[in-house]
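Inspection log for the structure reproduced underneath, given as structure tokens.
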Amino acid sequence: MDVKRVKDYMYWLYYQYLLITCSYVLEPWEQSMFHTITVTVMAMVVYTAYVFVPIHVRLALEFFSQIFGAQPESTI
């Protein structure tokens, strides 16, 4: 890919982010605080999903396999 196109696309995405969050109207120190909080919250959401979603999917599969008559695994 052309580096200039990628750079322009990334700039466009960042501009869309600024427009959607209305953070372009903030002062520079307010923008940095807003971005820090946003990145922190997103990181916590991703981490929580990474840790807890597989556990819930496994439990849901076990639950539905018991409902639909699958044989439980032996614990021997």
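So Trp29 clears everything in (1) at pLDDT below 95; (2) over 23 Å from the mean Cα position of the chain (by Cα); (3) surrounded by fewer than 10 Cβ atoms within 10 Å (Cβ to Cβ) except one condition, right? Which one?
(1)
Could you identify the single residue in Phe34, Phe52 that is surrounded by 10 or more Cβ atoms within 10 Å (Cβ to Cβ), in a helix (DSSP H, G or I), without any contact (Cβ under 8 Å) to a residue 24 or more places away in the chain and touching a Ser or Thr at 6+ places or on another chain (Cβ under 6 Å)?
Phe34
Tell me yes or no: at least one residue of the range 65-72 is modelled with pLDDT of 90 or more, open to solvent by 100 Å² or more (accessible area, probe 1.4 Å), in a helix (DSSP H, G or I) and at negative phi.
No, because not a single residue in the range 65-72 is modelled with pLDDT of 90 or more, open to solvent by 100 Å² or more (accessible area, probe 1.4 Å), in a helix (DSSP H, G or I) and at negative phi.
The values are calculated or read from the model by the stated rules, or taken from the named source; none is laboratory data. Since the model is a prediction, treat every value here as computed from it, not as a measurement. A quick note on method: Cβ atoms are made from the backbone with ideal geometry, for glycine too, and the neighbour counts reach across all protein chains shown. Accessible surface is based on the protein model in full, side chains and every heavy atom, while ligands, DNA and RNA are left aside. Shrake-Rupley method; radii C 1.70, N 1.55, O 1.52, S 1.80 Å.
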